[in-house]
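The values are calculated or read from the model by the stated rules, or taken from the named source; none is laboratory data. If you're wondering where the values come from, they're calculated on a predicted model, not measured in any experiment. When we count neighbours, we look across all protein chains shown, and the Cβ atoms used for this are built from the backbone with ideal geometry, even at glycine. Just so you know, the surface numbers come from the protein's heavy atoms only, side chains and all, with ligands and any DNA or RNA stripped out. Shrake-Rupley method; radii C 1.70, N 1.55, O 1.52, S 1.80 Å.
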Amino acid sequence: MYFSARLSIDPSQLTKIERVEPDEMFKKFLHYITSGATSKKIERETFTAVSVLQQLNRLFWELNINNIIRLSHDDIDIYYDKEGKEDDLKEAVDNYELTINDAMSHHFETLYMVLEHEDKNFVYLMEININRSHAVGAYPIEIKINGLMKEFKAESGENQESVKARMKTRFGSQEVLNGFVNEQELAFETFVNDLGMRVRKHMKVDDVKIEIDKRVVIPKSKDRKPIMKGRRKNPTRDYDPVFDGYFGFGEILLYSFLWSELLHDHHMHISDVTLVGEEADIIGSIDSAGLDAGEADLFNDDLDFDSKLDGFGDTDGFESVADVSDSGSWFDMGDFDGFDAIDI
């Protein structure tokens with residue numbers, strides 16, 4: 001189990017509403033014959049890259065968050081720490097301000113940061129996406145936070161059985177496990193809410209939305225090796241940043257791949273969690289009523305992963321994530337703002 005949060009931030013900035021030319025052939029044709037009336041609208045923020053980065057830097061400095069892993073400007077890495085340096089946020093920001101010019105600061109599209117932080121309870125990985133252009137009504141700044149329990153971090157050379165033995169003390173009974181998880185959840189919520197409060201203090205914002213979630217990994221492989229998807233070029237994917245393979249996070253993530261096995265072995269009741277699958281994707285959730293992990297196929301290591309999913313689909317308390325595809329045809333007009341059908 002690990003914790004995940006999302007802060008969506010709407011800064012108090014002037015925005016420009018613009019129309020964008022569609023990609024699809026037929027919609028592009030309509031764009032031209034209607035002089036752009038059928039185009040989708042976007043919001044384009046007026047803040048500069050430097051100004052928003054400076055505000056975030058002040059915010060993180062106050063919280064003593066000073067370890068940066070990555071800083072990218074329009075998919076160009078300005079700074080990337082592959083060695084686990086500490087206290088390098090100032091170095092990265094200084095390097096950024098030396099690298100970009102005024103035009104780049106004003107006309108950027110995306111700014112992306114990954115930060116690492118830890119306290120007595122968690123090792124945090126924080127991913128910040130700043131999008132100058134975005135859908136109308138969407139928030140341009142998003143912070144994703146993953147909190148991994150520091151108590152179970154694998155030491156250098158420590159194997160799975162040793163980590164599992166340390167974890168078992170928290171699985172002695174349902175009451176012991178519930179008390180521990182509730183304590184950890186409260187600590188994580190306190191950190192996230194404090195961050196949200198300081199966002200309001202240091203950045204002029206209209207709104208900050210906060211979502212917090214508990215997540216349990218269901219490994220595909222029986223060796224329960226942590227997923228490390230590797231460095232990605234596009235940071236807009238939905239899976240959590242702890243799976244990106246950043247320096248040192250394999251040892252921190254290991255325990256979360258053992259958690260579901262212990263839930264099953266100790267017949268623990270589990271509720272109000274999101275389940276993460278073999279590709280770090282969300283495969284479903286367990287509701288507040290919950291279920292006995294010892295009786296549920298999805299937590300049974302004697303079954304292969306596909307069989308687990310097949311057997312779990314009708315389980316009470318489990319809600320799968322439906323595969324939702326864009327089924328609209330190229331002739332569909334529903335996506336256009338202000339489009340009225342023409343009677344012929």
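No other residue among D306, D302, D297, D265 is over 22 Å from N178 (Cβ atoms), touching a Phe, Trp or Tyr at 6+ places or on another chain (Cβ under 9 Å) and open to solvent by 50 Å² or more (accessible area, probe 1.4 Å) apart from D297. Per the conditions (1) at pLDDT below 90; (2) touching a strand residue (DSSP E or B) at 6+ places or on another chain (Cβ under 6 Å), the sole criterion not satisfied by F331 is (2).
Please determine, by comparing only the residues of region 46-79 that are of a type in the set (F, W, Y) and under 20 Å from S105 (Cβ atoms), which one is farthest from the chain's Cα centre (by Cα). So the residue we want is F47. Would a scan of region 270-278 turn up a residue that is open to solvent by 40 Å² or more (accessible area, probe 1.4 Å), closer than 20 Å to I227 by Cβ and part of a loop (DSSP other than H, G, I, E, B)? Within region 270-278, one or more residues are open to solvent by 40 Å² or more (accessible area, probe 1.4 Å), closer than 20 Å to I227 by Cβ and part of a loop (DSSP other than H, G, I, E, B).
Across region 283-294, the qualifying residues are those that are modelled with pLDDT of 90 or more and crowded, with 16+ Cβ neighbours inside 10 Å, and the one among them that is farthest from S173 (Cα to Cα) is S285.
Of the residues making up region 185-207, none is of a type in the set (F, W, Y) and either in contact with a helix residue (DSSP H, G or I) (Cβ under 6 Å, 6 or more places away or on another chain) or closer than 18 Å to P11 by Cα (or both). The single residue among D206, D223 that is of a type in the set (D, E), open to solvent by 20 Å² or more (accessible area, probe 1.4 Å), closer than 26 Å to E158 by Cα and not in a helix (DSSP H, G or I) turns out to be D223. Filtered by the rule that a residue be among the charged types (D, E, K, R) and modelled with pLDDT of 90 or more, region 90-142 gives E116, E118, D119, K120, E127, E142. Does any residue of region 27-35 turn out to be modelled with pLDDT under 85 and part of a loop (DSSP other than H, G, I, E, B)? Scanning region 27-35 turns up at least one residue that is modelled with pLDDT under 85 and part of a loop (DSSP other than H, G, I, E, B). Sub-6 Å Cβ pairs linking a first residue in region 186-207 that is touching a residue at least 60 places away in the same chain (Cβ under 8 Å) to a second residue that is in a helix (DSSP H, G or I) and open to solvent by 30 Å² or more (accessible area, probe 1.4 Å), at least 6 apart or interchain, are H202/Q55; H202/R58; M203/Q55, ordered by first then second residue. For first residues located in region 263-274 and over 11 Å from I286 (Cβ atoms), partners that are open to solvent by 40 Å² or more (accessible area, probe 1.4 Å) and lie 6+ apart or on another chain with Cβ distances below 6 Å form the pairs H267/D292.
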